[in-house]
Amino acid sequence: MGKPVRIIQFLALLLVLTLAAAACSAPVETPAEKADPAEEQAGGQEGEKIVISGLESTDIEVTVEEIKDLESVTVEATSVSSSGEENQYTVTGPLFDDLLKKYGKSQKDLVGIRLVAGDGYSIEVPPEILQNRDLILAHTIDGKPLDERTKPIRAVIPEERSMYWIRNLVKIEVLESAPKAEVARVYILETLISQANAEDYTYYESTDRAVKVEELLGLLGVDSLPDTASFVAADGFEKNEQLDIFSKGYIKFTGEDAPLFLSPDLPKGMYIKSIYLCTMGDAALVSQERAMEVLGTRQVEDKEGVDLKQLIKAAGLGDADKYLLTAADGYTVEISRDDREKGVVFKNSKEQITVFFEGLPKSTQVKDFLSIEGIE
Ligand SMILES: Nc1nc2c(c(=O)[nH]1)N[C@H]1C(S)=C(S)[C@@H](COP(=O)(O)O)O[C@H]1N2
Ligand SMILES: [Mo]
């Protein structure tokens, strides 16, 4: 074969490849993406802004142009997924701290912020992270402007879990320090749930059972709850959620990931799997089943369960002279401080969470164990 033939072959191949590439990219190209680049720059992000509340007496509006005008950093940032998988991105944007400086504030001094997205996703960033990490208001990722569902800004906290990497950021709420109440009463989540009306809930391929959080909270019989609920999952994962959001959802108590906080109205990233502990002000809800996993079990006669003293300590209930245990039907038992460690919290043959005290009269056994509180 002579040289000219090869060149023709090469050109033919090139033509085929070019056509193939065009055919592949054609369906994804929407009219909006074809827009003249100049027009895109002017039109695309015009009027886009984020709101910052809680920093000054009135909300502050910062336009995306203002954010872009701040001095940017470009960093190689790693995000960590819930399964531990790491992803690297080149992230460009100003530091939130530099924006705060314009208002005489510093990120390190904030006790908490809540990042809110336009799609209903939101997450609280705790003080430990605010003090140790950069928060970048990213307008460019991997050298490219943000896609439709990520615009106008993606909040990026390098080296932190991707749940903090908020797409479509629309608001940053600066939170006030909430006085941490001492836990006064611990409720057993399973017993509480057994008192509520369960309904079918479809979760992926499975039909499980769930209760409305609002109904559960009503069963606590407390007249005021704080703004925030704090969760600890069985794997040690911790997160705060607004009570307004929590109370509008469900707890799925059978099947995969139970007890699972979820809601058809929330992005899946806001679901909380395998809840071990949920604290709201002076009330703590603990899952007996997850507690057995976290704290380990103890066997008394034929009863295998979690140690009562360990359970209430883990839930944050402090020392008291006496404790009052209450069953779902209103039956109560009073025990002394020293008797705590005689108690084992197990599931009986009727699936009722029960406390049994080793060596104490049978009348101290509490079936459908609902709660325990310290008394004088
Ligand atoms: N606006 C918005 N941002 C979001 C979410 C969301 O649902 N909406 N999910 C978060 C969660 S839970 C994760 S794990 C990551 C997923 O990011 P990725 O799609 O880049 O992996 O985005 C976070 N940012
Ligand atoms: Mo996530």
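The values are calculated or read from the model by the stated rules, or taken from the named source; none is laboratory data. These figures come from a predicted structure and were not determined experimentally. Glycine also receives a Cβ, built like all others from the backbone with ideal geometry; neighbour counts cover every protein chain displayed. Side chains included, ligands, DNA and RNA excluded: accessible areas come from the protein's heavy atoms. Shrake-Rupley method; radii C 1.70, N 1.55, O 1.52, S 1.80 Å.
Looking at this model, which pairs from 342/367; 239/313; 239/342 are more than 23 angstrom apart at the alpha-carbon? Pairs exceeding the cut-off: 239/342. Two numbers describe the Cα atoms of the stretch 109-153: Rg and Dmax, which are 12.5, 33 Å.
What Kirkwood radius, in Å to one decimal, follows from the Cα pairs of the stretch 150-236?
About 17.2 Å, per the Kirkwood formula over Cα pairs.
By accessible area, using a 1.4 Å probe on protein heavy atoms only, the stretch 108-219 has 45% of its surface on carbon and sulfur. Taking only protein heavy atoms and a 1.4 Å probe, the accessible area of the stretch 305-376 is 44% carbon and sulfur. In the chain, helical runs assigned H by DSSP with n ≥ 4 each contribute -39500 (n - 2.57); averaged across all residues and rounded to the nearest 500, the mean residue ellipticity at 222 nm is -6000 deg cm²/dmol. For residue 102, a cut-off of 20 angstrom between C-alpha atoms picks up these lysines, skipping any fewer than 8 places away in its own chain: 49, 68, 171.
Result for the chain in a Gaussian network model with C-alpha springs under 10 Å: among 144, 252, 171, the largest mean-square fluctuation is at 144.
Give the relative contact order (percent, whole number) for the chain; include only Cα pairs under 8 Å separated by 6+ residues. Could the numbers behind the result be given before it?
Values: 730 pairs, mean separation 44.0, N = 376.
Computed over the chain, the figure is 12 percent.
Starting from the Cα gyration tensor of the stretch 182-337, take the square roots of the eigenvalues, sort them a ≥ b ≥ c, and report rounded, prolate or oblate (rounded when a/c is under 1.5, otherwise prolate if a/b is larger than b/c, else oblate). Prolate. Close amide H contacts of residue 276 (hydrogens built in the peptide plane, cut-off under 5 Å, sequence separation of 5 or more or a different chain): 232, 233, 234.
Taking Cα atoms only, the orientation of helix 3-25 departs from the longest principal axis of the chain by about 40 degrees. Normalise the Debye intensity by I(0) for the stretch 248-371, one equal point scatterer per Cα, no solvent, then take log10 at q = 0.11, 0.12, 0.17 Å⁻¹ and round to two decimals. Taken in order of the listed q values, log10 I(q)/I(0) reads -0.41, -0.48, -0.91.
Scalar couplings 3J(HN,Hα) for the stretch 78-89, obtained by applying the Karplus form with A = 6.51, B = -1.76, C = 1.60 to θ = phi - 60°, are 9, 10, 10, 7, 5, 8, x, 5, 10, 10, 9, 9 Hz; x denotes Gly and Pro. The trypsin sites (Lys or Arg not before Pro) of the stretch 286-356 that meet both conditions, a loop assignment by DSSP and at most 16 other Cβ atoms within 10 Å of the site Cβ, are 350.
Remark: the chain carries 54 Å² of accessible area per residue (probe radius 1.4 Å; ligands, DNA and RNA excluded). Global dimensions of the stretch 301-376 from alpha-carbon coordinates: Rg and Dmax equal 11.4, 34 Å. May I ask you to work out the translational diffusion coefficient for the stretch 246-319 at 20 °C, viscosity 1.002 mPa s, via Stokes-Einstein with Rh from the Kirkwood sum over Cα pairs, reported in whole µm²/s? Here the translational diffusion coefficient equals 156 µm²/s.
Out of all DSSP beta bridges with both ends in the chain, state the antiparallel percent to the nearest 5. Expressed as a percentage, antiparallel bridges in the chain total about 90.
Residue by residue, the stretch 65-72 carries 3J(HN,Hα) couplings of 4, 4, 5, 5, 7, 5, 5, 9 Hz when phi is fed to the Karplus relation 6.51 cos²θ - 1.76 cosθ + 1.60 (θ = phi - 60°); x denotes Gly or Pro. Taking all protein chains as shown and a probe of 1.4 angstrom, residue 292 keeps an accessible surface of around 50 Å². Think of each Lys and Arg Cβ as +1 and each Asp and Glu Cβ as -1; about the Cα centre, that makes the dipole of the stretch 268-376 roughly 400 debye.
For the stretch 74-121, the alpha carbon positions stretch 37, 28, 21 Å along the principal axes, listed from largest to smallest.
The local environment of residue 246, defined by Cβ-Cβ distances under 13 Å, has a net charge of -4 under the rule Lys, Arg +1 and Asp, Glu -1. Net charge within 12 Å of residue 175 by Cβ-Cβ distance, Lys/Arg positive one each and Asp/Glu negative one each, not counting residue 175 itself? In short, -3. Among the chymotrypsin sites (Phe, Trp or Tyr not before Pro) within the stretch 244-280, those in coil by DSSP and having at most 16 neighbouring Cβ atoms inside 10 Å are 271. Couplings 3J(HN,Hα) of the stretch 139-155, computed from phi: 10, 9, 10, 6, x, 10, x, 6, 6, 3, 7, 9, 4, x, 9, 10, 6 Hz, in residue order, whole Hz [Karplus 6.51 cos²θ - 1.76 cosθ + 1.60, θ = phi - 60°; x for Gly and Pro].
Over the chain, the alpha carbon radius of gyration divided by the compact-protein estimate 2.2 N^0.38 Å works out to 1.31. Sorting 237, 357 by solvent-accessible area of protein heavy atoms yields 237, 357, largest first, with a 1.4 Å probe.
To the nearest 10, the accessible area of residue 302 is 120 Å² with a 1.4 Å probe. Enter the accessible area of residue 65 (Å², nearest 10), with the probe set to 1.4 Å and all protein chains included. Per-residue accessible area (residue 65): approximately 80 Å².
Bridgeable aspartates and glutamates around residue 347 (alpha carbons under 13 Å apart, same-chain partners fewer than 8 residues away excluded): 190, 289, 302, 304, 307, 368.
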